[in-house]
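Only one structure is covered here, and it is reproduced in the block below.
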Amino acid sequence: MSPLDSVVSIRLGVLTVAASFMLLEYLIGRLAHHDLHDMRETAATFGVAAGHSLIRGLEAAIIALPFMLAYEHRVFNIDAATVDGAVLLFLAIDFIYYWHHRASHHIRWLWATHSVHHSPRRMNLTAALRLGWTANISGHFLFYLPLAFLGFHPFAIVAALAANLTYQFFLHTELSPRFGPLEWILNTPTHHRVHHASDAECLDKNFGGTLILFDRLFGTFAEAPEGKPLTYGLRGGSQSHHPLRIVFSEWSAMIREVRGASKFGQKFTILFGPVTRRKAATTRPRSPENGRTIEAPSEG
């Protein structure tokens, strides 16, 4: 079997497993009468995911050259196939992912891509597939480029990051128990629900990938609020089920603001300054099913 065939087989296997878990989650939710899915939102997510899958080929072509150039000028030779090398790469990826993820919530240029992932109003496994199309095109890969310069092979970096993101797929669910002492170390569905929540006390919390240790270390950890249902979605954002609007809404808003700014400094701040579109949540009508008030979606 050729390397290309192996890659295709692995991707098909991963997709099959992911689809099986998504179907299982949906069926359990139906049996438990737990409203996990909005079918229009789920359909929109699959549309976003299809576009993301197509754009990944272009992304690979863009980032392959800088990673290979960095590796050609590496400082060390670190073999990720050894136990020490694998552990070091795992920790390095999770550490960098934490800061990349945190920056993506605070720098608007990065948030324009990442906001796509926070747009679903339901927390389920399909929401994990709603990813922006412009991540590597807009430079997100630069966070991981130093790893190649340090001496990790680009293929090892990609594999470690893929493993990290695969783990995170299973964090996007409300059907999960607590994990006791492991929750001090690992990122869990409970922690990640807080990250996706748009309630004021949950904003910009729990950025970890596989581990939650860096959030605890750098002061961004938050427990789930006791006795309070979480609200998901973009704070102050309008709901859309059109994949293109979902993917490009924040980019469009930035471009409009840049065009309206007269000075270069203002334009630069709009693009690379802090995320400021955090409008206060308003109250929506009470749900006819249970009579409780549902807050407006907010930027997570």
Extension reserve of the residue 245-residue 143 stretch, reckoned as 0.36 nm per residue once the Cα distance is removed
34.0 nm
What are the aspartates and glutamates whose alpha-carbon lies under 14 Å from the alpha-carbon of residue 267, with same-chain residues fewer than 8 places away excluded?
257
A correct Karplus calculation of ³J(HN,Hα) over the range 263-276, with 6.51 cos²θ - 1.76 cosθ + 1.60, θ = phi - 60°, whole Hz and x for Gly and Pro, returns 10, 4, x, 5, 4, 5, 5, 4, 7, 10, x, x, 6, 10
Provide the net charge surrounding residue 28, with neighbours chosen by a C-beta distance below 14 Å and charges set as Lys +1, Arg +1, Asp -1, Glu -1.
-2
Amide H contacts under 5 Å for residue 107, restricted to residues at least 5 apart in sequence or on another chain and with H modeled in the peptide plane, are 275
From phi via Karplus (6.51, -1.76, 1.60), per-residue ³J(HN,Hα) for the range 158-168 in Hz, x at Gly/Pro
4, 5, 5, 5, 5, 5, 4, 5, 5, 4, 5
Restricting to DSSP loop positions (anything but H, G, I, E, B) with no more than 16 other Cβ atoms inside 10 Å of their own Cβ, which chymotrypsin sites (Phe, Trp or Tyr not before Pro) remain in the range 146-215?
170, 179
Listed by chain and number, the residues whose amide H is under 5 Å from that of residue 211, excluding neighbours fewer than 5 places away on the same chain and using placed H, are 187
For the charge dipole of the chain, defined by +1 on Lys and Arg C-beta atoms and -1 on Asp and Glu C-beta atoms about the Cα centroid, which residue among 60, 220, 115 has the Cα displaced farthest towards the positive pole?
115
Under 16 Å from a label point 7 Å along Cα→Cβ of residue 28: give me every residue in the range 108-147 with its amide N that close.
123-128
Listed by chain and number, the residues whose amide H is under 5 Å from that of residue 235, excluding neighbours fewer than 5 places away on the same chain and using placed H, are 298, 299, 300
Could you tell me the calculated FRET efficiency between residue 53 and residue 83, based on Cβ-Cβ distance and R0 = 51 angstrom, to the nearest 0.05?
0.95
Keeping every protein chain present and rolling a 1.4 Å probe, give me the accessible area per residue for the chain in Å².
54
Just to be sure I understand the model, the point goes 7 Å from the Cα along the line to the Cβ. What's the resulting residue 175 to residue 255 distance in nm?
4.0
Would you please state the base-10 log of I(q)/I(0) at q = 0.09, 0.12, 0.13, 0.14 1/Å for the chain, with intensities from the Debye formula using one equal scatterer on every alpha carbon?
-0.48, -0.86, -1.02, -1.19
Estimated inter-spin distance, residue 65 and residue 263, nm [label 7 Å along Cα→Cβ]:
3.7
Between residue 272 and residue 155, what FRET efficiency follows from the Cβ-Cβ distance if R0 is 35 Å, with the result rounded to 0.05?
0.65
Could you give each residue of the range 37-49 its phi-based ³J(HN,Hα) in whole Hz, using Karplus coefficients 6.51, -1.76, 1.60 with θ = phi - 60°, and x for Gly or Pro?
10, 10, 5, 5, 5, 4, 4, 5, 4, 5, x, 4, 5
Among all the aspartates and glutamates, which ones have a C-alpha under 15 Å from residue 228's C-alpha, if same-chain residues fewer than 8 places away are not counted?
174, 199, 201, 295
Going by the alpha-carbon gyration tensor, a ≥ b ≥ c the square roots of its eigenvalues, is the range 95-245 rounded (a/c under 1.5) or, if a/c is not under 1.5, prolate (a/b greater than b/c) versus oblate?
oblate
Within 13 Å, Cβ to Cβ, of residue 51, how many net charges do the neighbouring residues add up to if Lys/Arg are +1 and Asp/Glu are -1?
+2
If you roll a 1.4 Å probe over the chain with all protein chains in place, what percent of the accessible area is carbon or sulfur?
68
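The values are calculated or read from the model by the stated rules, or taken from the named source; none is laboratory data. Only a predicted model underlies this, so the values are computations on that prediction, with no experimental measurement involved. FYI the Cβ positions are ideal-geometry reconstructions off the backbone, even for glycines, and counts take in every protein chain you see. Each accessible area value is taken on the protein alone, full model and side chains, heavy atoms only, with ligands, DNA and RNA left out. Shrake-Rupley method; radii C 1.70, N 1.55, O 1.52, S 1.80 Å.
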